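The values are calculated or read from the model by the stated rules, or taken from the named source; none is laboratory data. Values in this document were obtained by computation on a predicted structure and should not be read as measured data. No Cβ is skipped: glycine too gets one built from the backbone with ideal geometry, and neighbour counts run over all protein chains shown. Protein only, heavy atoms only, side chains kept; ligands, DNA and RNA dropped before computing areas. Shrake-Rupley method; radii C 1.70, N 1.55, O 1.52, S 1.80 Å.
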Amino acid sequence: MQDQPATVDGGSSPSRSDSPTSSMRAVVQDGYGTSDVLRLSQLPRPEIGPRDVLVRVRAAGLDRGAWHVMQGKPRLLRLVFGLRAPKQPVIGREVAGTVAQVGSEVTTLAVGDDVFGVAPGSFAEYAVGREAKLARRPSNLTWEQLAAVPISGGTALQAVVDAGRVAAGQKVLITGASGGVGSYAVQLAKSVGAEVTGVASAAKLDLVRALGADHVLDYDRDDVADGSTLYDVIIDIAGLSDLTRLRHALTPTGTLVLVGGEGGGDWTGGTIGRQLRARLASTLGRQRLTSVIAKERASDYERLALLLESGQVVPCLDRAYPLAEAADAMRRLEAGSVRGKVAVTID
Ligand SMILES: NC(=O)c1ccc[n+]([C@@H]2O[C@H](COP(=O)([O-])OP(=O)(O)OC[C@H]3O[C@@H](n4cnc5c(N)ncnc54)[C@H](OP(=O)(O)O)[C@@H]3O)[C@@H](O)[C@H]2O)c1
């Protein structure tokens, strides 16, 4: 599809837009399941409300959350996303692109602005987002790199800086260091001057070192709680390690930040109970045990944009796929082969 010129009509119409086209390509899922439920489809271009922003998508990031929605797991999530199939049939949330239309109440963005952030249904030529979840594009990244930032980078920022309060000189352990969230967490902890140990599979320890980690551990071979090092902060992104073990690896006044982990219960995913136990344990001792439920907000993407522009954080983009090969991108994620993130390009 050819880009349309971004012209503002600015008149009395309820929204301002570039030239509309009636249909678009999108990757949809009609039910829950493996990547075989994904198919490229032709859909009407979405309409926007007064507070919405229509983004002409240049690239979309694939994060683990999109996999959860595709699978409909943990099953409890279906109460929110849709009982038999997702209410939003187009997959993806992470977006990088150009504003094509704005609702009449949108004040901070205009047609033609290059943005990144969150817009549900981002695996499509157009997606609708809110201005509170879209930030201006930093100048030094490709669309694909940028699309790999919002949810993974935002979660890492909230875990390392806000919840973990990581400071210079602290010893920090990061599990899942080779993944979407972890690849940002390692760089963010290094950017404030921490001494970072990253945990990943043997095959990806080179990547974790390249991200800046001072030390690496192989989750199949090494025991993070063997007592050889006590950490001031643990950012626990993967592995669902036993809470008691993680606490043994913390200093007496250390902080544990629970972010995620796969392979728990089919209904709750194994993280909810863990987070509740951590909150309870935190009231009983001097260690601070907390968790992150990531918020999607432009203010965090603006904070990340500064770090991206200064080169302190660089998106770890494994590969970009054409939109028509989105299912292959998802298969790569499912297989555990991705180093950092994958994205799709919409041309
Ligand atoms: N709390 C929130 O708001 C929030 C937000 C975003 C994501 N999350 C959750 O955070 C987790 C990570 O997300 P992500 O996007 O970074 O996923 P991802 O890109 O798939 O990365 C997964 C990470 O887990 C590691 N891993 C895989 N199997 C492991 C095992 N048995 N033991 C230890 N580590 C293992 C992987 O290492 P190798 O690749 O080297 O095997 C990789 O580093 C997911 O559970 C996701 O749902 C939570």
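What pairs from K87/K190; K87/K295; K133/K204 go past 28 Å between their alpha carbons?
K87/K190; K133/K204
If you wrap the chain in the convex hull of its Cα atoms and look at it from every side, the mean projected area works out to 16.9 nm².
Quick one: what does P(r) look like for segment 152-292 with 10 Å bins over all Cα pairs, in whole %? Taking every Cα pair in segment 152-292, the percentages come to 13, 48, 34, 4. When the chain is treated as a Gaussian network with alpha carbon springs shorter than 10 Å, the biggest mean-square fluctuation among G311, G261, G92 belongs to G311. Taken one residue at a time, the phi angles of segment 268-279 give Karplus couplings (6.51, -1.76, 1.60, θ = phi - 60°) of 10, x, x, 9, 5, x, 4, 5, 5, 4, 5, 4 Hz. Gly and Pro are set to x.
Kindly work out what percent of the DSSP beta bridges joining two residues of the chain are antiparallel, to the nearest 5. Of those bridges, close to 60 percent are antiparallel. Neighbours of R165 by Cβ distance under 12 Å: Lys/Arg scored +1, Asp/Glu scored -1, total -1. Can you give me the Cα centroid spacing of segment 230-286 and segment 189-226 in angstrom? Rounded to whole Å, the Cα centres lie 18 Å apart.
Calculate for the chain the 222 nm mean residue ellipticity that helices alone would give, adding -39,500 (n - 2.57) per DSSP H run of length 4 or more and normalising by residue count, nearest 500 deg cm²/dmol. Could you put the intermediate results ahead of the total?
Values: 10 runs with 83 residues, N = 347.
Helix contribution divided over all residues of the chain: -6500 deg cm²/dmol.
Residue-wise HN-Hα couplings along segment 68-85, as the Karplus relation 6.51 cos²θ - 1.76 cosθ + 1.60 with θ = phi - 60° gives them from phi, are 4, 5, 4, 6, x, 9, x, 4, 4, 4, 5, 4, 8, 7, x, 5, 9, 7 Hz; Gly and Pro carry x.
What does the charge add up to near A148, with Lys and Arg as +1, Asp and Glu as -1, over the other residues with Cβ less than 10 Å from its Cβ? My count for the surroundings of A148 gives -3.
On the protein heavy atoms, probe 1.4 angstrom, tell me the percent of accessible surface of segment 152-292 carried by carbon and sulfur. Show your work: numbers first, answer last.
On the way: 3020 of 5780 Å².
Accessible surface attributable to carbon and sulfur in segment 152-292 totals 52 percent.
Ranked by the mean number of other Cβ atoms within 10 Å of their residues, highest first, the peptides 268-276, 124-132 fall in the order 124-132, 268-276.
The distance between label points at E309 and S337 comes to 3.7 nm (points 7 Å beyond Cα on the Cα→Cβ vector). Put simply, the amide H of M24, placed in the peptide plane, has neighbours under 5 Å in L43, R45, leaving out anything fewer than 5 places away on its chain. Translational diffusion coefficient of segment 83-180 at 37 °C, 0.692 mPa s, Stokes-Einstein with Kirkwood Rh over Cα pairs, in µm²/s as a whole number. Value of D from the Cα-based Kirkwood radius: 213 µm²/s.
Shown is the FRET efficiency for L284 and L230, computed with R0 = 22 Å from the Cβ-Cβ distance and rounded to the nearest 0.05: 0.70.
If the chain linking T107 and F81 were pulled fully straight, counting 0.36 nm for each residue of separation and taking away their Cα-Cα distance, it would gain 6.4 nm.
How high is the FRET efficiency from L43 to H248, r the C-beta distance, R0 41 Å, rounded to 0.05?
On the way: r = 52 Å, r/R0 = 1.26.
With R0 = 41 Å, the Cβ-Cβ based efficiency is 0.20.
Proximity of backbone amide H atoms, modeled 1.01 Å from N, is registered between G254 and R288 at under 5 Å, excluding neighbours fewer than 5 places apart on the same chain. With each label modelled as a point 7 angstrom along the Cα→C-beta vector, the E262-D162 pair spans 2.5 nm.
Solvent exposure of segment 152-292 amounts to 41 Å² per residue of accessible area, where only protein heavy atoms count and the probe is 1.4 Å. Atom-type composition of the exposed protein surface of segment 26-117 places 54 percent of the accessible area on carbon and sulfur (1.4 angstrom probe).
For segment 179-196, 3J(HN,Hα) computed residue by residue from phi via the Karplus equation (6.51, -1.76, 1.60; θ = phi - 60°) reads x, x, 6, x, 5, 7, 4, 4, 5, 5, 5, 5, 5, 9, x, 7, 9, 10 Hz, glycine and proline entered as x.
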